Amino acid sequence: MLTSIFEKIKGSSILQRAVRSSAFTVINFGSTQFIRLASNLVLTRLLFPEAFGIMALATVLLTALHQFSDIGIFPSIIRSKRGDDIVFLNTAWTLKILRSLVLWCVAWGLAWPMSIFYNEPLLAQVVPVMAISLLLEGLLPTRIESTYRHLEMGRFTALEILSSLIGVGIMIAMAWWLGSIWALPIGMVVGSAARLVIFHFLLPGAKNWFALEKEAVVELLVFGKWIFPATIATFVIIEADKFLIARYVSLETLGIYNIGYFLASFPLMLARVLSNRVMVSFYKNASTDSPEVAFRNARKLLLSLFGGLASSIILLVLIGTWLIDFLYDDRYAAAGIILVSVTTMHILQIAQIPYQHAVLGTGEGRDYFFVLGIKAAILFVCIWVGLEYFGLMGAIFAQGIAMIFSYPFIVYYARKVKVYDPVYDLTMLAIAIVASGLAWWLYSDQITNLIVQ
């Protein structure tokens, strides 16, 4: 049977390459997340909950800077006709470095105001150290983007797993040695440096060098003018809960929420990675097929990949609280019901993600921004209202309610690029209803207690 499966996916058609790349992406994601989880279990025993709260806040800032300055280099290389031109690639690499230098300086400038805003002096010291990782990320070669452009990700996957092992090993060693929060930012920076060295020397392809060709700069910036605001919206979608919750709860509670969210978000994070790394290239290349073939292949991918991810959430609902009790000590017990609640709210968001990237895969940067901008605005308002009236659990439930409100807009843009599939949507809705009903049946008392706290 395995031989038969291998024979079906080893060809060079767009669907076969997409399936192969999806498999490598799942292996990469699963391995790196398992490594992160293992390190998390060790670190929570070496450090204290407040340390993870501080790191969550610092990470939100760095993610915001990364998103707010994104000029769309990754999707530009994937979709551009010059995506294999070394001059174009070197120009993109040079722009990445210039951007990372700016981000590094801005992070230093914002560290002190952020420490005042959250009344946490340690942020003024932690953020500048962590910001070095932004500088190192800008030096990563464009060979990474090229692997996704051609959906050839075998070597890249192996190197990514290797770099994760090295980074986590360094962080754990630092935590054991220092026994303080400084193990996390220092380990993060050293791990980023190791990743840079690994990809520069072990990932095959043309070497990058400094270049600023006028035509390439224009193409990159013209396409990026819509990607830039779209990534701001993406940041709001991904980080709005932590940014808002941090103003309503203690750092200890934020750290516990972050533990539960970390485990609950595995299916959602994998959906984002698959959609961004595989579906964009798939929709771009599928345009060469007939509309009927393209739609049929898209449905196969959507139901198998994203339907499968949504279905895995039912398992998380069943074992969520037990998993937290098994993996963590009593200080993190509340993370169990947070895990269960968050993961059920993610199903409808998983359902919408491939539609978003279908819009990007067609090259419509403006529509891509509108899709994400509308969704981000609705999500932000819903979480804020949820926090004001129902506290932490209100913010969690708001994440699912926001997806219901944003659905008509998602459908409009999906129909515009001819990728809307009602069969897929109904399947995902059915999974969401089953998972939510099961969660309420098993944990209604615990959920109610958190709402009234």
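We did not get these values from a lab; they are worked out from the coordinates using the rules stated. Just so we're clear, the structure is a prediction, and the values are computed from it rather than from any experiment. Virtual Cβ from ideal backbone geometry, glycine too; neighbours counted across all protein chains shown.
Nearest 500 deg cm²/dmol is fine: what mean residue ellipticity at 222 nm does the chain get from its DSSP H runs of n ≥ 4 alone, each adding -39,500 (n - 2.57), divided by its residue count?
Working: 20 runs with 370 residues, N = 453.
Counting only the DSSP helices, I get -28000 deg cm²/dmol.
At a 10 angstrom cut-off on C-beta neighbours, averaged per residue, how do the peptides 201-212, 161-172, 116-127, 371-382 rank from highest to lowest?
Values: 201-212: 13.2, 161-172: 18.8, 116-127: 16.6, 371-382: 20.7.
The peptides rank, most packed first, as 371-382, 161-172, 116-127, 201-212.
Compute the FRET efficiency between E50 and R155 as 1/(1 + (r/R0)^6), taking r as their Cβ-Cβ distance and R0 = 56 Å, and round to the nearest 0.05.
Details: r = 40 Å, r/R0 = 0.72.
It comes to 0.90.
Per Stokes-Einstein, at 37 °C and 0.692 mPa s, what whole-number D in µm² s⁻¹ belongs to the chain, with the Kirkwood radius over Cα pairs as the hydrodynamic radius?
Numbers: Rh = 22.8 Å.
In µm²/s, the coefficient is 144.
Report the equivalent ellipsoid semi-axes for region 27-181 in whole Å, largest first, defined as the square roots of five times the eigenvalues of the gyration tensor built from alpha carbon atoms. Please list the in-between numbers first.
Details: eigenvalues 190, 99, 25 Å².
Equivalent ellipsoid of region 27-181: 31, 22, 11 Å, largest first.
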Next item on the list: Give a residue-ordered list of calculated ³J(HN,Hα) values for region 200-213 (Karplus: 6.51 cos²θ - 1.76 cosθ + 1.60, θ = phi - 60°; whole Hz; x for Gly, Pro).
Entry: 5, 9, 10, 8, x, x, 5, 6, 8, 8, 5, 7, 9, 6
Notebook entry, point to check: How much length, in nm to one decimal, is gained on full extension between L315 and Y248, taken as 0.36 nm per residue of separation minus their Cα-Cα distance?
Noted result: 21.1 nm
Notebook entry, point to check: Restricting to lysine pairs 8 or more places apart or on different chains, what number in region 13-452 have Cα atoms under 22 Å apart?
Noted result: 20
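With the cut-off at 1.5 for a/c, could you classify region 367-453 from its C-alpha gyration tensor as rounded, prolate or oblate? Can you show the working numbers first?
Numbers: a/c = 5.14, a/b = 1.51, b/c = 3.41.
Cα axes put region 367-453 in the oblate bin.
Among S275, S444, S265, S133, which comes first, then next, by fewest other beta-carbon atoms within 10 Å?
Values: S275 27, S444 10, S265 18, S133 23.
With the sparsest Cβ surroundings first, the list reads S444, S265, S133, S275.
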Margin query: Place a point 7 Å from Cα of V42 in the direction of its Cβ. Which residues in region 161-205 have their backbone N less than 12 Å from it?
Written below: 165-177
Notebook entry, point to check: Roughly what would the spin-label model give for W177 and K214, points 7 Å off Cα along C-beta, in nm?
Noted result: 5.1 nm
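Within a 10 angstrom radius of the beta carbon, how do T25, T344 rank from fewest other beta carbons to most?
With the sparsest Cβ surroundings first, the list reads T25, T344.
Roughly what percent of Cα-Cα pairs across region 116-169 reach past 17 Å?
Working: 850 of 1431 pairs.
Tail of the P(r) past 17 Å holds 59 percent of the pairs.
Give me the compactness ratio for region 318-425, meaning the Cα radius of gyration over 2.2 N^0.38 Å.
Details: Rg = 16.7 Å, N = 108, 2.2 N^0.38 = 13.0 Å.
Normalised Cα radius of gyration, region 318-425: 1.28.
Which ordering of D425, D445 is given by a fewest-first count of other beta-carbon atoms within 10 Å?
Values: D425 19, D445 8.
Listing D425, D445 from fewest to most nearby Cβ atoms yields D445, D425.
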Item checked: region 139-149 - phi-based ³J(HN,Hα) in whole Hz, Karplus 6.51/-1.76/1.60, Gly and Pro as x -> 8, 4, x, 6, 4, 5, 4, 5, 5, 6, 4
